[in-house]
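Read-outs: derived from the displayed coordinates by stated rules, not from any lab. Just so it is clear, the model here is predicted, and its values are computed rather than measured. We place every Cβ from the backbone using ideal geometry, glycine too, and count neighbours over all the protein chains shown.
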Amino acid sequence: MAAERPTGLKANKGIELLTWGTPNGVKASIILEELKEAYGKDYTWQPINIGRNIQKEEWFTKLGPNGRIPVIVDHDQGGFAVMEGLAILAYLTRHYDPDHKFSFTDPLDVSRAEQWMAWQHGGLGPMQGQANHFNRFTKEPIPYGMQRYTGETERLVGILDSHLKTNTYLVGNKYSIADIASFGWVNVLRFSGVDLDAFPNLLAWWERINARPAVQKGLSIPQKSGFGNETYAQRLKDDKEFVAKEQELAKAIAAAKEQYGYKYASP
């Protein structure tokens with residue numbers, strides 16, 4: 001399935017998901033799998049391989065003008081397209097979560113969920129994405145970028161960890177779209193150069209959500225990422241070459257922090 005190259009929409013009813021297995025992409029696939037399990041709400045999906053720039057093709061940008069995944073199309077609403085993970089989570093629960101199993105009716109809880117989703121959308125995602133870039137993908141090491149964005153990711157993760165010290169989930173002690181919004185990013189924290197084990201409340205939250213069958217199904221669309229915390233931990237057990245590279249990366253991040261006098265603080 002992942003080898004297909006879509007050239008347009010293929011469904012004519014229900015929800016059609018266009019996605020790839022990134023921290024943002026799994027927001028949509030996870031909530032769709034949760035709705036499927038809770039209500040029998042099925043959907044269609046197509047893999048949008050961002051490494052092949054399918055998301056930049058004209059047929060896709062007519063649906064998602066930003067040229068980013070995920071995008072959903074609601075064929076039952078005249079082909080209405082929704083881009084951006086936050087907006088997709090809100091749209092799907094507004095229209096297809098009548099019992100509010102993953103959303104809220106109390107206006108204050110609605111606001112609390114919106115706040116955490118906005119926090120992720122404007123903070124955790126962008127900052128952690130930059131940590132990934134400077135720690136993993138630059139052609140040459142840039143110590144300032146490494147310590148700046150790894151440190152900011154740690155600061156933001158610390159906010160989650162502190163909140164979860166007295167809360168099982170982010171809003172109302174109920175698993176919801178507020179949790180789904182951040183889960184995909186927390187699921188790749190180890191790949192980003194952050195020690196998830198150093199944040200025990202967040203680790204327990206990640207384990208609770210990761211154990212949900214619908215979450216596991218959502219993480220597998222179009223295929224499970226090689227960057228997830230579970231996969232990362234397994235590679236540390238099985239791959240000596242990977243271990244050596246990760247130790248070098250950890251040393252480089254630590255050296256960058258020391259060079260610029262980084263000290264962890266949150267918030």
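What whole-number value in cubic angstrom gives the convex hull volume per residue for the C-alpha atoms of segment 15-96?
Cα-based convex hull of segment 15-96, divided per residue, equals 80 Å³.
How tilted is helix 85-96 with respect to the longest principal axis of the chain? Cα atoms for both, answer in degrees (0 to 90, nearest 10).
Orientation of helix 85-96: about 30 degrees from the principal axis.
For THR138 and TYR264, calculate 0.36 nm times their separation in residues minus their Cα-Cα distance, and state this gained length in nm to one decimal. Intermediate results must be reported in sequence, preceding the final value.
Values: separation 126, 0.36 × 126 = 45.36 nm, distance 2.39 nm.
Contour length minus Cα-Cα distance gives 43.0 nm.
With angles folded into 0 to 90 degrees, how steeply does helix 229-238 sit against the dominant principal axis of the chain? Use alpha carbons for both and round to 10.
So the helix axis and the longest Cα principal axis differ by about 50 degrees.
Hey, of [x] 23.8, 91; [y] 20.3, 67; [z] 18.7, 56, which did the structure itself give for Rg and Dmax of the Cα atoms in Å when calculated?
Correct label, based on the coordinates given: [z].
With +1 on each Lys and Arg Cβ and -1 on each Asp and Glu Cβ, how big is the dipole of the chain about its Cα centre, in debye rounded to the nearest 20?
400
Just the number: Rg to Rh for segment 107-259, Cα atoms, Kirkwood Rh, two decimals. Numbers along the way, then the final one.
Working: Rg = 15.9 Å, Rh = 16.2 Å.
For segment 107-259, the value is 0.98.
Compute the distance from the alpha-carbon center of segment 219-250 to that of segment 136-210, in whole Å.
17
How much mean residue ellipticity at 222 nm does the chain get from its helices, if each DSSP H run of length 4 or more adds -39500 (n - 2.57) and you divide by all residues, to the nearest 500 deg cm²/dmol? Walk me through the numbers on the way to the answer.
Values: 11 runs with 131 residues, N = 267.
Per the formula, -15000 deg cm²/dmol.
Of LYS41/LYS174; LYS101/LYS237; LYS41/LYS224; LYS36/LYS174, which ones are farther than 30 Å apart at the Cα?
Over 30 Å Cα-Cα: LYS101/LYS237.
Round to the nearest 10 and give me the degree value, 0 to 90, for the angle of helix 200-210's Cα axis relative to the longest principal axis of the chain.
With both axes taken from Cα atoms, the answer is about 30 degrees.
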